Amino acid sequence: MRLNGGILTCGCMEDAVNKRYMTNKSPKGRKVIFLNKNGYSFEREQANNLFAEGTELTIKEIYVGNSTSKVEFEEHPNVSFNTVMFADIIY
């Protein structure tokens, strides 16, 4: 999934922490699907407890880090997931 608009949580770019990645537009409302692959097995297990492969989800926020990025969904607030387990839905 694209990380565009996610909040930078690392100092990977000068004065970039808490700014948006690549664009100032929030990713809120974008749709993705759960791939049920990539990431660590414990991450997929956590996700499988909440939704099935192919489930469409609505992004609430993306947090972009140095070596990993997390996504939070409207359907499951306050729980974050590794972004590599999801793909953008292109209409």
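Values in this text are rule-based calculations from the coordinates and carry no lab data. Since we're looking at a predicted model, the values are computed, not measured. Positions of Cβ are generated from backbone atoms using ideal geometry, with glycine treated the same way; all protein chains shown enter the neighbour counts.
Each stretch of four or more DSSP H residues adds -39500 (n - 2.57); spread over every residue of the chain, this sum gives -2500 deg cm²/dmol at 222 nm.
Note on Rg and Dmax of the Cα atoms in Å: of the candidates (i) 12.8, 39; (ii) 26.5, 86; (iii) 12.3, 36, the value calculated from this structure sits at (i). Packing-based ranking of 40-49, 55-64 yields 55-64, 40-49, ordered from highest to lowest mean Cβ neighbour count within 10 Å. In debye, nearest 20, what is the charge dipole magnitude of segment 7-88 about its Cα centre with +1 on Lys and Arg Cβ and -1 on Asp and Glu Cβ, if you could check? Approximately 200 debye in magnitude.
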